[in-house]
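Undergrad: Got a structure for you, written out below as structure tokens; questions coming shortly.
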Amino acid sequence: MRETFQNLIIQASPWLTTHGIKILVILIGAYIIRRFGSGLIDRIIRKAVVAKGFLSPEAEKKREDTLIIVFGGILKVVIWLGAILMILTELGVNIGPLLAGAGVIGLAIGFGAQYIIRDFFTGLFIILENQYRVGDIVCIGDVCGEVESINLRMTVIRDVDGAVHHIPNGEIKIATNKTKGFARVNLVIGVAYDTNIDKVKGIINQVGQDLANDSEWKDKIIKAPEFIRIDNFGASSVDIKISGEVKPLEQWGVLGELRKRIKDAFDQNGIEIPFPQRVIRQIKE
């Protein structure tokens with residue numbers, strides 16, 4: 001047994017000192033190129049993507065991170081595919097017929113891969129046009145949530161319940177980005193019909209200014225929430241429209257704090273927020 005093992009080593013030594021070393025060099029080289037290429041892509045994209053005036057630094061960083069993920073994935077596939085072909089050559093496999101066969105097979109299945117091709121082209125335009133990025137809150141069809149990842153093939157979204165949705169890019173017809181550039185806080189609140197609207201307007205504007213000047217919230221607010229208009233005459237209330245502008249992803253927190261402060265201010269000033277009531281009259285016979 002020992003002699004057999006020694007004979008195997010003796011027979012394999014010439015192959016290991018030639019082809020084996022070359023294969024090892026190919027693997028090490030592919031790994032180094034992959035690491036170097038990833039760093040190079042990172043530096044190039046950070047410098048090439050110029051911040052635009054209407055985008056915040058946070059939004060621009062999201063775009064850069066998304067491009068780095070996509071191009072890094074493409075580079076990884078290209079490098080390791082090339083390494084595999086070189087290793088096959090060292091193993092004595094004639095890759096000419098293999099490549100030709102792959103071309104024929106690719107042509108044969110190309111007719112059935114139209115949807116995949118459509119996904120890739122759609123994904124390419126989504127990324128180049130900066131429609132949305134990793135970390136954005138988007139609505140695609142009936143699905144809304146945070147973009148966890150995006151590549152040329154599909155977009156992955158996690159909704160508020162924690163469910164993960166994998167959406168092929170070719171299926172995307174309309175994508176609504178709720179966190180690009182800035183967001184708005186919109187609130188409609190009802191007051192009683194006998195309320196002094198000018199007084200309500202002053203209270204709402206004061207609450208909005210106080211919120212915008214608060215040290216905890218001022219960095220999140222672009223334009224203080226303010227009275228916009230009487231939005232509707234409801235069945236039991238006059239509906240007031242309130243609106244303001246905030247930084248992306250901050251609209252929900254600001255809106256919750258705004259509701260709380262308006263409720264407190266209305267209570268302090270004796271302004272009623274009516275609720276639907278039903279009066280039942282009993283007919284005496």
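Undergrad: For the stretch 183-268, how big is Rg over Rh, using alpha carbon atoms and the Kirkwood form of Rh?
TA: 0.97
Undergrad: Assuming R0 = 41 Å, what is the FRET efficiency of residue 236 and residue 120, from their Cβ-Cβ distance, to the nearest 0.05?
TA: Step by step, r from the Cβ atoms, then E = 0.15.
Undergrad: Still on this structure: Calculate, for residue 194 and residue 144, the FRET efficiency according to 1/(1 + (r/R0)^6) with r their C-beta to C-beta distance and R0 25 Å; round to the nearest 0.05.
TA: About 0.05, to the nearest 0.05.
Undergrad: As an exercise, use a Förster radius of 35 Å and the Cβ-Cβ distance of residue 272 and residue 249 to find the FRET efficiency, rounded to the nearest 0.05.
TA: 0.55
Undergrad: I'd like to compare 257-264, 64-71: which one has the highest average count of other Cβ atoms within 10 Å, and what's the full order after that?
TA: Taking the mean over residues of other Cβ atoms within 10 Å, the ranking is 64-71, 257-264.
Undergrad: Net charge around residue 77, counting only other residues with Cβ within less than 12 Å of its Cβ (Lys, Arg = +1; Asp, Glu = -1)?
TA: Local net charge: +3.
Undergrad: Still on this structure, I have one more. Can you pull the one-decimal nm distance between simple spin-label points at residue 21 and residue 222, each 7 Å off the Cα toward Cβ?
TA: Spacing of the two 7 Å Cα→Cβ label points: 6.2 nm.
Undergrad: Using a 10 Å cut-off on Cβ atoms, rank the peptides 125-133, 194-202 from the highest mean neighbour count down.
TA: With the highest mean Cβ count within 10 Å placed first, the list reads 125-133, 194-202.
Undergrad: Less than 13 Å Cβ to Cβ from residue 266, Lys/Arg counted +1 and Asp/Glu -1: what total charge do the surrounding residues give?
TA: Local charge sum for residue 266: +3.
Laboratory data are not the source of any read-out in this text; all were calculated from the coordinates shown. Please read all numbers here as calculations on a predicted model, not as lab measurements. Neighbour counts run over all protein chains shown; Cβ positions are idealised from the backbone, glycine included.
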